[in-house]
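Here is the structure we will look at, set down as structure tokens.
The values are calculated or read from the model by the stated rules, or taken from the named source; none is laboratory data. These numbers come from a predicted model, not from an experiment. Neighbour counts run over all protein chains shown; Cβ positions are idealised from the backbone, glycine included.
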Amino acid sequence: MWPAADAIKQQIPLLDYLQTQSWKPVRRVSRGRLMGLCPLHCDHQPSFLVDPVKNLFYCYGCGRGGDVIRFVQLYYDVRFGEAMALLRRSTGCGSLLRDVASFYQVQLHRHPEAAAYLQQRGIHQPQVVEDLEVGYAPGGYLRHWLVTLGYSLGAIQQAGLVNAAGLDTFSHRIVFPLEGNLYGRSIGNAAAHRFLPGAKGGLYRWERVKHHSEVILVEGLLDLAVLWQAGFRNVTCAMGSHLNAHQLRQLCDGAPRTVYVAFDSDANGSGQQAAQRLVHHLVNQGVTVLRIELPNGHDPNSFFVGGGDNQQFQRLLERAVP
Ligand SMILES: [Zn+2]
């Protein structure tokens, strides 16, 4: 592990990586070191110190520090191996993931079980599938096709697309392309969610959503898809109810907007608790947040699948609570 970690650290200097995450130093301090706002907590006065020579950081606010791998672990809330995979991927398999996503998009139209699943989850407009670039991983054809395109088996395996035995890791899954990853939703009995190794990344399509004065935040991409279909374009998704530091930083960017949290209304209350924790955290950071109360046992997807429409959801927005 260690030689590989050293190689990554040399290949991707900490400062370069921070700059790709739009981190900017506010001032220089002694010995070429730089100070700026900490990306790991909602920082208001520069407490994040970067030493480009030692390739290390330390935050005087949250007390955390380390190298680029440690930074990625904290920023995306991932384990060491996943941080390594993410960094490796950031060095140039962007086009690989784009090729995979287009392959899966073609497969969606060739496999009736995929269309049937989308219907069942309330997604029936072809335009939604098109806009969100939804695809389908049937399992079993990907490796062959990627090798034909000129990718090495090693690169395909390193990206986590096929396993050591050469089999597709995404099989019978509806696939949504993310920035730097893929999200696969099982249509069968396999574990419901899956990402490629690495982080889930930031909020879904945040760059396109962040300019709205009102933003709806949901847990799952199938929630997002039905809202999109109902005409709500100001929706983003955390891909789970736990937000990583990167996602929190996106919501705490200081822009004047109201965030509506529409998490699952689980029978055991876990979704409501997650929403409350998030609301509490965001309010402390000065963000205007309201919580949408869905009927018991519902998430936004099941709300629409169960017959809810645009106007009914609009009423839930109007009745959202702090
Ligand atoms: Zn910090």
Practice task
Please indicate, with yes or no, whether at least one residue in the stretch 300-312 is buried (at least 18 other Cβ atoms within 10 Å of the Cβ) and in contact with a strand residue (DSSP E or B) (Cβ under 8 Å, 6 or more places away or on another chain).
Solution key: yes
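Matching residues to (1) modelled with pLDDT under 95; (2) surrounded by 13 or more Cβ atoms within 10 Å (Cβ to Cβ):
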| residue | (1), (2) |
| --- | --- |
| Pro3 | yes, no |
| Gln10 | yes, no |
| Tyr17 | yes, yes |
| Thr20 | yes, no |
| Leu34 | no, yes |
| Asp51 | no, yes |
| Asp77 | yes, yes |
| Gly92 | yes, no |
Practice task
Name, by its number, the condition in (1) touching a residue at least 24 places away in the same chain (Cβ under 8 Å); (2) over 20 Å from Gly202 (Cβ atoms) that does not hold for Pro112.
Solution key: (1)
Exercise for the section: Taking the options Lys210, Lys200, name whichever one is over 20 Å from Gly308 (Cα atoms) and over 10 Å from the mean Cα position of the chain (by Cα). Expected result: Lys210
Exercise for the section: Could you name every one of the strands (runs of 3 or more DSSP E) located completely within the stretch 174-290 that has at least 2 residues being of a type in the set (Val, Ile, Thr)? Expected result: 214-218, 235-237, 258-262
Exercise for the section: Return only the number of the condition from (1) surrounded by fewer than 18 Cβ atoms within 10 Å (Cβ to Cβ); (2) touching a helix residue (DSSP H, G or I) at 6+ places or on another chain (Cβ under 7 Å) that Val261 does not satisfy. Expected result: (1)
Practice task
Would you point out which residue out of Ala164, Ala190 is among the small types (Gly, Ala, Ser) and over 23 Å from Ile123 (Cβ atoms)?
Solution key: Ala164
